[in-house]
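Remarks on the structure that follows.
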Amino acid sequence: MSHMNIIQAINSGLEQAMDQDDSVVIMGEDVGRFGGVFRATLGLQERFGNDRVIDTPLSEGGIIGTAIGMALNGLKPVAEIQFSDFIYPAFDQIVNEAAKMRYRSGGEWTVPMVIRTPTGGGIRGGHYHSQSPETYFAHTPGLKVVMPSNPYDAKGLLLESIEDPDPVIFFEPKRVYRAAQGEVPDEMYRIPIGKASITREGTDLTVVSWGAMVQESEKAAEQAAEQGISCEVIDLRSLVPWDVDSVIASVQKTGRAIVVYEAPRTVGFGTEIISQIMEDAFDYLEAPVARVTGYDTPFPYTLEHDYLPLANRILPAIIETATYA
């Protein structure tokens, strides 16, 4: 075991995947000699060479289009988009080509590729470097959508994603790239996509979150415990597929729930979770399901900590939901 942050865990996972399988290649802007804008690929080009760690032109559509072609011809590309805000020029390639290849070919072709991209706010990046676009891709059949919150999950989910026969959008919450730390196995291991993690057990209320907001949910749960409220915190880990069974089982136990997500409130992925809770656990609910989210505005620069659903906004929602009668 080694103590790592998320960046180190991603780097470890990539190195081990490339060492084990020559078909794994990395591509993106500045991923080679520079090691990526957040240094997640640092040292990999030096070890594996220019043919397997490829610095690309500044062309997101070109990066993803090339990766699709590689995947269709026997490689396992891991493409990096420097910020999730920059993924939109490649949107057509992702949702109309990569996502639909298995269906349009009757299962004859698959696209085993991973698109890694830092997501979310909290680094004073402003509205062009802080967006949370996960719901756009969760709405697209044929894609898997993953977002780890800690180093252990980051490495295990990345290795699982690389081996998946279908395209995976791998969102990395950059706000906790180095802040989230923990013990990570030195050897290879895989975490199944679609299995949530219960990071804190509780009896009074269920808090569902993913990415950087998991840590904020845990902080709020600790503060709620001081007031006698026992929260169960669930880290979804992946949005497509998402672990419906674990969430419903928790809500059936607690009878109350809130969903926390960083993206804008309207049509955020949390609305899907709330709808599923209403369909499958309505008879168990003792209070309306609440949500704590970003706002329906462009991500602000000077007010980002007011925009983000941090613990100071989550705690009042926990108290209100827990005391609803």
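The values are calculated or read from the model by the stated rules, or taken from the named source; none is laboratory data. All figures in this text were calculated on a predicted structure; none of them were measured in a lab. Glycine gets a Cβ as well: all are built from the backbone with ideal geometry, and neighbour counts include every protein chain shown. Surface areas here come from the heavy atoms of the whole protein model, side chains and all, with no ligands, DNA or RNA. Shrake-Rupley method; radii C 1.70, N 1.55, O 1.52, S 1.80 Å.
Residue count for the range 101-121, restricted to those that are open to solvent by 20 Å² or more (accessible area, probe 1.4 Å) and closer than 23 Å to GLY294 by Cα: 0. Under the condition of being more than 28 Å from VAL292 (Cα to Cα) and assigned to a loop (DSSP other than H, G, I, E, B), the residues counted in the range 155-195 number 10. Within the range 136-154, one or more residues are surrounded by fewer than 24 Cβ atoms within 10 Å (Cβ to Cβ) and on the phi > 0 side of the Ramachandran plot.
Selection of the range 151-188 for residues being among the polar types (S, T, N, Q) and closer than 19 Å to GLU80 by Cα yields only SER161. Give the residues of the range 69-85 that are surrounded by fewer than 21 Cβ atoms within 10 Å (Cβ to Cβ) and over 16 Å from the mean Cα position of the chain (by Cα), sorted by residue number. If the condition is that a residue be surrounded by fewer than 21 Cβ atoms within 10 Å (Cβ to Cβ) and over 16 Å from the mean Cα position of the chain (by Cα), then GLY69, MET70, LEU72, ASN73, GLY74, LEU75 are the ones that fit. Assess whether ILE234 counts as being crowded, with 22+ Cβ neighbours inside 10 Å, over 20 Å from ASN150 (Cβ atoms) and without any contact (Cβ under 8 Å) to a residue 60 or more places away in the chain. Judged against the criteria, ILE234 is not a match. Check whether at least one residue in the range 156-177 is more than 16 Å from the chain's Cα centre (by Cα) and of a type in the set (Gly, Ala, Ser), and report yes or no. No, the range 156-177 contains no residue that is more than 16 Å from the chain's Cα centre (by Cα) and of a type in the set (Gly, Ala, Ser).
Restricting attention to the range 247-265, does a residue exist that is basic (Lys, Arg), open to solvent by less than 80 Å² (accessible area, probe 1.4 Å) and over 23 Å from GLU172 (Cα atoms)? Yes. Scanning the range 4-15 turns up no residue that is more than 15 Å from ALA154 (Cβ to Cβ), of a type outside the set (Asp, Glu) and surrounded by fewer than 23 Cβ atoms within 10 Å (Cβ to Cβ). Taking the stated definitions as given, is ALA290 in contact with a Ser or Thr (Cβ under 6 Å, 6 or more places away or on another chain) and over 29 Å from SER161 (Cα atoms)? Here the answer is yes, as ALA290 does meet what is asked.
Residues that are among the hydrophobic types (A, V, I, L, M, F, W, C) and in a loop (DSSP other than H, G, I, E, B) were ranked within the range 99-132; the one that is modelled with the lowest pLDDT is ILE123. Check whether at least one residue in the range 87-100 is open to solvent by 50 Å² or more (accessible area, probe 1.4 Å) and either over 24 Å from the mean Cα position of the chain (by Cα) or of a type in the set (Asp, Glu) (or both), and report yes or no. Yes: the range 87-100 contains one or more residues that are open to solvent by 50 Å² or more (accessible area, probe 1.4 Å) and either over 24 Å from the mean Cα position of the chain (by Cα) or of a type in the set (Asp, Glu) (or both). Pairing each residue of the range 1-26 that is touching a residue at least 60 places away in the same chain (Cβ under 8 Å) with any residue that is surrounded by 19 or more Cβ atoms within 10 Å (Cβ to Cβ) and part of a strand (DSSP E or B), provided the two are 6+ apart or on different chains, yields C-beta distances under 6 Å for SER2/VAL184; MET4/VAL184; ALA9/VAL184; ALA17/VAL24; VAL24/LYS76.
Note on the range 136-169: residues that are free of Cβ contacts under 8 Å to residues at least 60 places away in the same chain and closer than 14 Å to PRO241 by Cβ total 8. One residue is enough: does the range 300-309 have a residue meeting the conditions open to solvent by 30 Å² or more (accessible area, probe 1.4 Å), farther than 18 Å from GLU216 by Cα and in contact with a helix residue (DSSP H, G or I) (Cβ under 6 Å, 6 or more places away or on another chain)? Yes: one or more hits. The combined condition, being part of a strand (DSSP E or B) and surrounded by fewer than 21 Cβ atoms within 10 Å (Cβ to Cβ), is fulfilled by ILE198.
Free of Cβ contacts under 8 Å to residues at least 24 places away in the same chain and either part of a helix (DSSP H, G or I) or among the hydroxyl-bearing types (Ser, Thr, Tyr) (or both) - does that describe any residue in the range 281-294? Within the range 281-294, one or more residues are free of Cβ contacts under 8 Å to residues at least 24 places away in the same chain and either part of a helix (DSSP H, G or I) or among the hydroxyl-bearing types (Ser, Thr, Tyr) (or both).
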